[in-house]
Amino acid sequence: MTKLPSPLLTVECLEQNFGGIMALAGVSFQIPTDLIYAIIGPNGAGKTTLFNALCGFYRPDAGSIRFDGHELCGLPTHRIAALGIARTFQNLQLFFNMTVRENVMVGCHLRAKTGLLAAALHLPNVRREEQRLRDWAGAALALCDLADRADQPASALPYGLMKRVEIARALAAKPRLLLLDEPAAGLNDTETLALRDLIAKIRASGVTVLLVEHHMPLVMSISDRLLVLDYGSVLMEGTPTEIQTDPRVVRSE
């Protein structure tokens, strides 16, 4: 019998209530390392609420979220990010008055070790760390095929490349788990195919990917496993083939 890898993320009986509306109702699942795992479901199913709970934007009313052995419920967002979770957002969150490289370097700040006093005094260790962060940003830019755009203003990029800048910024934080919230939204067919290749490269680099996406051809072609949410509850979990042929999923569409 093939032994499954140990789970990187374990969610158990997660509940999130907003004024009597149960946005998440006992959601449970596990994500092993080195997988592309997708969460799908209709609008209002609870997908973004789940992402916000995983990142600490929401504090769940009940349940547990464990990441690499650490309980995340109750931790602030910066502590969760420092443990190795990074995310992108549905809507662009770029600094348009900064260059592409500067935008990506923002993602490195959680890994910085020097304080404000050392920076103000221009101590040698500050310069070494600045170079280290630039190297990390450079690696993220290269992975996202943005190296030749590094010194351009973010505002000058086409929309599809702007979304790649967000992904590169998240990768610059050196995450073990990357959460992508509808990365294909607004992309044309060519850009979506390029995004599929990028997500595969990210997984190959050793980063586990958790994906929320409505573009079903992309999801089914790239994901190892999927979780289907419906009205805040888990409808089913399985491989793309199992999901596509399950009568419960067909009836919910």
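The values are calculated or read from the model by the stated rules, or taken from the named source; none is laboratory data. Just so you know, these numbers come straight off a predicted model, no measurement behind them. Here the Cβ is made from the backbone with ideal geometry for all residues, glycine too, and neighbour counts use every protein chain on show. Heavy atoms of the whole protein, side chains included, go into the accessibility calculation; ligands, DNA and RNA do not. Shrake-Rupley method; radii C 1.70, N 1.55, O 1.52, S 1.80 Å.
Could you list, in sequence order, the residues of segment 161-174 that are open to solvent by less than 10 Å² (accessible area, probe 1.4 Å) and outside any helix (DSSP H, G or I)?
Matches in segment 161-174: Ala172 only.
Could you check segment 203-235 and list, in sequence order, the residues that are under 20 Å from Val27 (Cα atoms), open to solvent by 20 Å² or more (accessible area, probe 1.4 Å) and in contact with a strand residue (DSSP E or B) (Cβ under 7 Å, 6 or more places away or on another chain)?
Across segment 203-235, the qualifying residues are Asp224, Arg225, Ser233, Val234, Leu235.
Scan segment 50-59 and tell me whether some residue there is within 25 Å of Ala185 (Cα to Cα), hydroxyl-bearing (Ser, Thr, Tyr) and more than 17 Å from the chain's Cα centre (by Cα).
If we filter segment 50-59 for residues that are within 25 Å of Ala185 (Cα to Cα), which is where we start, we get 50-58.
This time we only want the ones that are hydroxyl-bearing (Ser, Thr, Tyr), so: 58.
From what's left, more than 17 Å from the chain's Cα centre (by Cα): none.
Looking for residues that are within 25 Å of Ala185 (Cα to Cα), hydroxyl-bearing (Ser, Thr, Tyr) and more than 17 Å from the chain's Cα centre (by Cα), one finds none in segment 50-59, hence no.
Being among the aromatic types (Phe, Trp, Tyr) and surrounded by 16 or more Cβ atoms within 10 Å (Cβ to Cβ) is the filter here, so list the residues in segment 5-32 that pass it.
The answer is Phe29, and nothing else.
In segment 177-202, which residue that is touching a strand residue (DSSP E or B) at 6+ places or on another chain (Cβ under 8 Å) and assigned to a loop (DSSP other than H, G, I, E, B) is surrounded by the fewest Cβ atoms within 10 Å (Cβ to Cβ)?
Glu182
Does Ala173 meet the test of being more than 16 Å from the chain's Cα centre (by Cα) and under 23 Å from Leu94 (Cα atoms)?
no
Filter segment 133-160 for residues that are within 19 Å of Asn97 (Cα to Cα), open to solvent by 60 Å² or more (accessible area, probe 1.4 Å), assigned to a helix (DSSP H, G or I) and not aromatic (Phe, Trp, Tyr) and give the result. Before you say what the answer is, go through the steps one by one.
Applying the first criterion (within 19 Å of Asn97 (Cα to Cα)) to segment 133-160 yields 134, 137, 141, 146-160.
Of the ones still in play, those that are also open to solvent by 60 Å² or more (accessible area, probe 1.4 Å) are 134, 147-149, 151-153, 155-156, 158-159.
Subset that is assigned to a helix (DSSP H, G or I): 134, 147-149, 155-156, 159.
The answer is Arg134, Ala147, Asp148, Arg149, Ser155, Ala156.
Which members of segment 36-57 meet the condition of being in contact with a Leu (Cβ under 9 Å, 6 or more places away or on another chain) and open to solvent by 30 Å² or more (accessible area, probe 1.4 Å)? Break it down stepwise before answering.
Keep residues of segment 36-57 that are in contact with a Leu (Cβ under 9 Å, 6 or more places away or on another chain), which gives 36-42, 45-47, 49-51, 53-56.
Scanning segment 36-57 gives a single hit, Pro42.
Among the residues of segment 63-76, count how many are at negative phi and loosely packed, with under 14 Cβ neighbours inside 10 Å.
Qualifying residue count, segment 63-76: 3.
Any idea how many residues of segment 84-100 are surrounded by fewer than 17 Cβ atoms within 10 Å (Cβ to Cβ) and out of contact with any helix residue (DSSP H, G or I) (no Cβ under 8 Å at 6 or more places or on another chain)?
1
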